[in-house]
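The values are calculated or read from the model by the stated rules, or taken from the named source; none is laboratory data. On a predicted model such as this, the values are computed, not experimentally measured, just so you know. Don't worry about glycine lacking a Cβ; one is built from the backbone with ideal geometry, like all the others, and counts go over all protein chains shown. We work out accessible area using only protein heavy atoms, side chains counted, and drop any ligands, DNA or RNA first. Shrake-Rupley method; radii C 1.70, N 1.55, O 1.52, S 1.80 Å.
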Amino acid sequence: MSSSNSNSDYEHYYVPDSSKLPIFASLFLFITVYGAATLFNNMSGMPATFQGDWVHWILILGFVGFSWVLYVWFSTTIRENLQGLPSAQLKRSYVMGMLWFIFSEVMFFFAFFGALFYVRNLAGPWLGGEGDKAITNLLWQGFQYDWPMMVTPQQAAEASGGQITAITNEFSGPDKHMAFPGFGAMFGWLPLWNTIILLTSSGTVHIAHHALKEGNKQKMKLWLGITVLLGIIFVFLQAYEYYEAYEHYGLTLNAGIYGSTFFMLTGFHGFHVCIGAFMLLVMWLRATQRDHFTPEDHFGFEAASWYWHFVDVVWVGLVFFVYIF
Amino acid sequence: MGDHGPAKGLSRWLFTTNHKDIGTLYLWFSFAMFLVGGIFALVIRAELFEPGLQIVQPEFFNQMTTMHGLVMVFGAVMPAFVGLANWLVPMMIGAPDMALPRMNNWSFWILPFAFFMMLSSLFVEGGAPNFGWTFYAPLSTTYAPPSVTFFIFAVHIMGASSIMGSINIIATIMNLRAPGMTYMKMPLFVWTWFITAYLLIAVMPVLAGVVTMMLMDIHFGTSFFSAAGGGDPVLFQHIFWFFGHPEVYIMILPAFGIVSQIIPTFSRKPLFGYDSMVYATASIAFLSFIVWAHHMFTVGMPIAGELFFMWATMLIAVPTGVKVFNWVTTMFRGSISFETPMLFSIAFVILFTIGGFSGLMLAIAPADFQYHDTYFVVAHFHYVLVPGAIFGIMAAVYYWLPKWCGNMYDETLGKTHFWLSFVGLNVTFFPMHFVGLAGMPRRIPDYALQFADFNQIASVGAFLFGASQVFFMFIVIKTIMGGKKATDQVWESAEGLEWTIPSPAPYHTFTTPPEVK
Amino acid sequence: MRGALAPKSCALVGAGLLLGSAAAVAEPAERWGLNMTQGVTEISRGIYDLHMLIFWICVVIGILVFGVMFYSMYKYRHSRGVKPATFHESTSVEIAWTVIPAIILIAMGIPASSMLMEMYDDAEDAELSVLVTGYQWKWKYEYMDEGVSYFSNMRTSRDEINNIEPKGEHYLLEVDNPLVIPTHTKVRFLITANDVIHAWWVPAFAVKQDAIPGFINTAWTIVEEEGVYRGQCAELCGRDHGFMPIVVNAVEKSEYNSWLGARQAEAAELAQLIKQEQSFDDLMSAGRDVYNKQCVVCHGANGEGGVGNAIAGSPIATGAMDQHLSVMVNGVAGTAMQAFGAQLNEIELAAVVTYSRNSWGNNMGDSIQPVDVYNFKQAN
Ligand code: HEA
Ligand code: HEA
Ligand code: CUA
Ligand SMILES: [Cu+2]
């Protein structure tokens, strides 16, 4: 790796002057999460320091403030870049920062995929009376493990009239699931279209990147624009899928572990798509309105496109493990 | 920029982008948290002085145990190491500052807010988190006090802080080394932090994931940790410990680095086995990802799992042993003097090893059926954490303080502090082995009569140890205020770039990188 | 201070510590209650031996490592004016101290693995199976094929805990209804929980198994000596985690059988009693006893509430009888309010409901008969 850098690199390593950004970022981040926690506790009827139908304003205040700080922060960074303050070395720091950030996101998803694997391969079968802890089924008589889990242990046990313990909530399975319907019905299956859209968008952003490197800005703007559009369509389709799930499938967050894993995995993915699409949109605006990027220097664009590829890869994982298998 | 000094007043600390300022902020924050967590520990020890309930009620006792663990782990030890990294990594590799200075300050300032949020729950209805620092579901979900939501979000932003801090450290190390400072020339403190930062980036998001699942279970009706809906409470433990075990090494690897700097200096002899130290650290980090379920031997895992996790855990003794042997061999045939940092480091090696031995005993799965959730475990982890992590930090402070503030600390006071701590700590934690083996469970506010004597001893030791830390604060402040001026070299045979710059270190160092041969 | 004094005293303290621990945990240890119990089963003795084996290996390694260290500190101290050597690596030595510990570890791991496999026998051949369920904060024992089941609560009084009365010999380790099992018999435990995670631990049997709500873990034992064995819940389970002891009475097979017979007869008798009419005053006084034993921890001595809602003035306790009964029998899902239908018998339930409706300012003036409770339970 870059074990020895040429001396001239270092002369200009840009150490910014003291800055008000971090403290405000911390303050508003704090207000945001404090507001979220207060709101959630209010929603669930749990006490919190602040009560009332206004508490969502704390969250909104925090969020708006935080967005504003981020806006100023990124503007500052871009301005510094346009002034030529950062050396090539500092840019490498940004690159590393972004890559390791994406790695941390991978690990975040890893936790949820891990939960899915655990439930599907261990806990589920045990509850259903298979495997090492098959005896557990004594508590959930009548429950058979199947994935997608259409009947929760609680439902099965209640139906079989046994004595049941350890109930914490009402969990009843969905009426219909989202899994792969077979090749015959494939084309009416939304996730297929979502997959096509997202994979295409990974391609289009790649084309845009190449165009930029070739110095063909028109082409870059076009393909980047298309990417953003595809991202937005994806989000809409995903929203439609959720609507279907809630309205017609009985598939909700409360629908037992299938609903939990389904919504958390696709939900966090969808959330990341929103972020990624927003980042790309900003890059598109920077390109069309401000002409920020040059063939040599377009890290902002690159970072957003890496993020987009990452989101795409997570989707492939979802398609396999949440939808198909 | 570059040549001017710090801003004046409060704004210096609020707005700074300087790695030394931020390091200082981290260190003071950490010390404050150490006192807070320590006071909680003293409440615990006071209650356990005698059988029966005397000072606090069980509800509050559980909150004390929980907050003690959380504050010490996330508030005292981790920020202290990040603070040391901030001060030292740039100076050790010849960098002008951290790679991303503004983000650096952000990483720090998140912490006071996060801890404000967590600690303030002590005063709200339902009380603070009371489910242990390991917050096992469903005690921490369905049965948790309302403050759990605030706790969850505090963990979220603390995690963000750690991740940003680690990204910064990695970028600094990979990108800002002075010419000629190859990886295999980096001081071991830099190496251990490099690896620690990877661990942090890999596991903090997993922690964020598991608390998010809790949040959903509590407020949005999911069933991750509820069998009735097809989930499993044990799933929580798997995810938590996937984070939790690497976390305990996060709390020890930087201390390994510190000791590896100090022992050679005072043995006047180069560190033995530099390369194997690096490989051992990397192996420990790698292994730390595949041993998590040794905290869960009694949850009813299938036997294949038990065996795998037992063997993998035992394996960690090998690279750790390599380190211990290297330190001892560094001392062998050296020319050893016993200044305070060295005393702390020697105590580190001895007492950490004792803690490691009890760790190895815990790793023996069948025996862990008897040890698990007793004070034997408490003894184990305090031996690796207090004379491990905390002594490592203290050794570092004594060792580098003259460089930071330009004054020598008073050696007699330092040694007194050492001996008081050393005695206090052993009196506190050694008897816990006995009561643990004799069957005293952990996390209980009251205990059966046969455990009384040793608990009494432990409580006395805790107050002695606590008092000596107040003494430590006094020594540090006294040194900062004045004292004998330190030379640039400070220690006659210390090696490394940080000793080539003046004491106290100027506000900006290495704005032009040094050339490393 | 610098120089000779420090290493010597350091060495002394260090060595003292090591020897101290070694000596302390050796033979007299047991008498002092310093060491792990050897217990009364083959498994528990096996674990004890394993524990001691690992312990002594660690002591020996410790003596070697610390020995070299103290020797260096003494022999090569700067104050003697020694010149340091300069060596800083040696591949062969480093390989040796990687390989040798690995071999030692394998030597430890093999007996440990075989011990573990012995413990993991699934005990389906057991003569007796007991379903152990952890509740906040008590245990329920259900003899699965014998039709006997009961709860086991801590018996130590609050006054002892609050230092008002002197503490008894088995302070915190005594229960009202111990688990009774026959000796020399393979007993299988099916362990689960109703609310949060608990852990059922009896050190003398070396049985410690987490009680996971919604899952069943198994463990087994063959107790060789008659006696009373005490343990505690070993997983943080909320406020009274420290107050949910376990007591097991291991008795001869014949004694066990007669105990079981008596229990079964009791159950039959109770079935008779339920059918009898109870007077209001009887219900009230029985209700007070039940309340003070079962409910007071959460609802307070005067029904003022605590962990649970206040009963004094509670809309439930002053509302429709059916709903009140339903709270008592089925509990409130997801809260500490358990389903007492399984824990209290019909007489007790009728009594405590009546008592709750007519105490601390609640004066509904009504009462309920055990037989009504019985019918309610059947209907739900
Ligand atoms: C700094 C933190 C730290 C460190 C470094 C360690 C190090 C180790 N820990 Fe520890 N541990 C904790 C912090 C730490 N631990 C905490 C906080 C808990 C409790 C969490 C909770 O439940 O709240 C815990 C709990 C814990 C358990 C669970 C116990 C239980 O709950 O039942 C286990 C079980 O295997 C374990 C094992 C080990 C092992 C094998 C090591 C090894 O890394 C030790 C290796 C070192 C040596 C062995 C000594 C030196 C080696 C030699 C001299 C070589 C020769 C030696 C031999 C061949 C024997 N630890
Ligand atoms: C790095 C981590 C760390 C550190 C440094 C410590 C330090 C100490 N711990 Fe800690 N401990 C944990 C991590 C740590 N602990 C964890 C993770 C747990 C598990 C929690 C759980 O079960 O969930 C635990 C649990 C734990 C228990 C078991 C509680 C239980 O099971 O119920 C006990 C009991 O004695 C204990 C004691 C102590 C003591 C006496 C110290 C001493 O070292 C503390 C020293 C004291 C001071 C530093 C106080 C100084 C201040 C003053 C004297 C007052 C002056 C005031 C002002 C100036 C304002 N700890
Ligand atoms: Cu039940 Cu602890
Ligand atoms: Cu561990």
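Largest mean-square fluctuation among C:Val329, C:Val202, C:Val307, in a Gaussian network model of chain C whose springs join Cα atoms under 10 Å apart, belongs to C:Val307.
Rounding to the nearest 10 and keeping the result within 0 to 90°, find how far the Cα-based axis of helix C:321-330 lies from the longest principal axis of chain C. The helix C:321-330 is inclined about 30 degrees to chain C. One Cα centroid belongs to region B:47-63, the other to region A:31-98; the line between them spans 41 Å. Taking all protein chains as they are arranged and a probe of 1.4 Å, the heavy atoms of B:Ile457 leave approximately 70 Å² accessible to solvent. From helices alone, chain C scores -14000 deg cm²/dmol at 222 nm; the rule is -39500 (n - 2.57) for each run of n ≥ 4 DSSP H residues, then divide by the residue total. With 0.36 nm allotted per residue and the present C-alpha distance subtracted, the A:Lys217-A:His309 stretch has 31.0 nm of extension available. Result for chain A in a Gaussian network model with C-alpha springs under 10 Å: among A:Ser104, A:Ser202, A:Ser18, the largest mean-square fluctuation is at A:Ser18. For a distance above 24 Å, tell me the whole-number percent of Cα pairs in region B:421-517 that qualify. Within region B:421-517, distances greater than 24 Å cover 54 percent of Cα pairs. Model label sites at C:Glu165 and B:Thr412, defined 7 Å from Cα along the beta-carbon direction, differ in position by 5.8 nm.
What is region B:70-111 by shape, rounded, prolate or oblate, if you read a ≥ b ≥ c off the alpha carbon gyration tensor as root eigenvalues and call it rounded for a/c under 1.5, prolate for a/b larger than b/c, and oblate otherwise? Note, shape of region B:70-111 comes out oblate. Short to long, the 10 Å bins of the Cα pair-distance histogram for region A:40-131 hold 12, 18, 22, 25, 17, 5, 1 percent of all pairs. For region A:199-253, the spread of Cα coordinates along the three principal axes comes to 51, 14, 14 Å, biggest extent given first.
Label zone (C:Leu53, point 7 Å along Cα-to-C-beta; backbone nitrogen cut-off 15 Å) within region C:79-121: C:103-119. Solvent-accessible area of A:Asp175, all protein chains in place: 120 Å² (probe radius 1.4 Å, heavy atoms, ligands and nucleic acids excluded).
Heavy-atom accessible area buried between chains A and B is around 7100 Å² (1.4 Å probe, both sides summed). Looking at region B:159-255, the accessible area is 11 square angstrom per residue; that uses a 1.4 Å probe and ignores ligands, DNA and RNA. The Rg/Rh ratio for region A:1-154, using Cα coordinates for both the radius of gyration and the Kirkwood hydrodynamic radius, is 1.20. Histogrammed with a bin width of 20 Å, the alpha carbon distances of chain C distribute as 21, 42, 23, 11, 2 percent, first bin at zero.
Note on C:Glu89: accessible area is roughly 110 Å² with a 1.4 Å probe, heavy atoms of protein only. Here is the interface size for C with B: some 8600 Å² of accessible area buried, both sides summed, with a 1.4 Å probe.
On the basis of the beta-carbon distance and an R0 of 45 Å, A:Phe117 and A:Ser44 show a calculated FRET efficiency of 0.95. Each helix, a run of at least 4 DSSP H residues, gives -39500 (n - 2.57); summed and divided by the residues of chain A, these come to -21000 deg cm²/dmol at 222 nm. Each residue of region B:57-73 is assigned a 3J(HN,Hα), and the resulting list reads 8, x, 3, 6, 4, 4, 5, 5, 4, 4, 5, 4, x, 5, 5, 5, 6 Hz, derived from the Karplus form 6.51 cos²θ - 1.76 cosθ + 1.60 (θ = phi - 60°), x at Gly and Pro.
Extending 7 Å from Cα along the Cβ direction at A:His206 and again at A:Thr76 yields two label points whose distance is 3.8 nm. Once Rg and the Kirkwood radius are both taken over the C-alpha atoms of chain B, their ratio Rg/Rh works out to 0.95. When a/c is below 1.5 the answer is rounded, else prolate if a/b is larger than b/c, else oblate, so apply that to region C:88-136 with a ≥ b ≥ c taken from the square roots of the Cα gyration tensor eigenvalues. Note, shape of region C:88-136 comes out oblate. Name all residues of region C:152-179 having a backbone nitrogen under 12 Å from the label point set 7 Å from the Cα of B:Glu50 along its Cα→Cβ direction, giving them as ranges. Residues passing the 12 Å test: C:162-167.
Volume of the convex hull of region A:148-267 (Cα atoms only), normalised per residue: 116 Å³. Considering only C:Tyr141, C:Tyr76, C:Tyr291, the mean-square fluctuation computed in a Gaussian network model of chain C, springs between alpha carbons under 10 angstrom, is largest for C:Tyr76. Solvent-accessible surface of chain C, taken per residue with a 1.4 Å probe and all protein chains present: 43 Å². The HN-Hα couplings worked out from phi for region B:301-318 by the Karplus form 6.51 cos²θ - 1.76 cosθ + 1.60 (θ = phi - 60°) are 6, x, 4, 4, x, 4, 5, 4, 5, 5, 5, 4, 5, 4, 4, 4, 4, 5 Hz, whole numbers, x standing for Gly and Pro.
Summed over qualifying helices (DSSP H, 4 residues or more, each -39500 (n - 2.57)) and divided by its residue number, chain B shows a 222 nm mean residue ellipticity of -22000 deg cm²/dmol.
Here region B:177-277 has 73 percent of its accessible surface on carbon and sulfur atoms, given a 1.4 Å probe and all protein chains in place.
The Cα center of region B:283-346 and the Cα center of region A:230-286 differ in position by 44 Å.
Share of pairwise Cα-Cα distances greater than 43 Å in the protein assembly as shown is 45 percent (whole percent). Please determine, in degrees from 0 to 90 and to the nearest 10, the orientation of helix A:217-244 with respect to the longest principal axis defined by the Cα atoms of chain A, where the helix direction is its Cα long axis. Around 20 degrees separate the two axes.
Expressed as a whole percent, the accessible area of chain A that falls on carbon and sulfur atoms is 66 (1.4 Å probe).
What FRET efficiency comes out for C:Val332 versus A:Glu247 if R0 is 35 angstrom and r is the Cβ-Cβ distance? Round to the nearest 0.05. Once rounded, the FRET efficiency stands at 0.70. Specify the angular offset, from 0 to 90 degrees and rounded to the nearest 10, of the alpha carbon long axis of helix A:190-214 from the longest principal axis of the alpha carbons in chain A. Between the helix axis and the principal axis of chain A, the angle is about 10 degrees.
Taking the Cα of C:Asp125, stepping 7 Å toward and past its beta carbon, and measuring to each backbone N in region C:34-50: which are under 17 Å? Once the point is set 7 Å along Cα→Cβ of C:Asp125, C:42-43 turn out to lie under 17 Å by backbone N, inside region C:34-50.
Once backbone amide H atoms are built at 1.01 Å from N, C:Ile246 has C:Gly231, C:Gln232, C:Cys233 as its partners under 5 Å, excluding neighbours fewer than 5 places away on the same chain. Our Cα-only numbers for chain A put the radius of gyration and Dmax at 24.3, 79 Å. Solvent-accessible surface of region A:178-325, taken per residue with a 1.4 Å probe and all protein chains present: 43 Å².
Note on A:Trp193 and C:Ala271: the model spin-label points, each 7 Å out from Cα along the C-beta direction, lie 6.4 nm apart. Across the options A:Leu190, A:Gly114, A:Leu230, the greatest Cα extent toward the positive end of the charge dipole of region A:110-266 (unit charges at beta carbon of Lys, Arg, Asp, Glu) belongs to A:Leu230.
Classified by the C-alpha gyration tensor, region C:313-380 has an oblate form. Its axis ratio a/c, with a ≥ b ≥ c, is 1.5 or above, and a/b does not exceed b/c.
For region B:428-517, the carbon plus sulfur part of the accessible surface works out to 66%, probe radius 1.4 Å. Distances between placed amide hydrogens fall under 5 Å for C:Trp139 paired with C:Ser152, all partners being 5 or more residues away or on another chain. Placing +1 on the Cβ of every Lys and Arg and -1 on the Cβ of every Asp and Glu, with no other charges, gives chain A a dipole of roughly 600 debye about its Cα centre. Annotation: amide H of B:Gly406 within the under-5 Å range of B:Ala505, sequence separation 5 or more or interchain, hydrogens built in the peptide plane.
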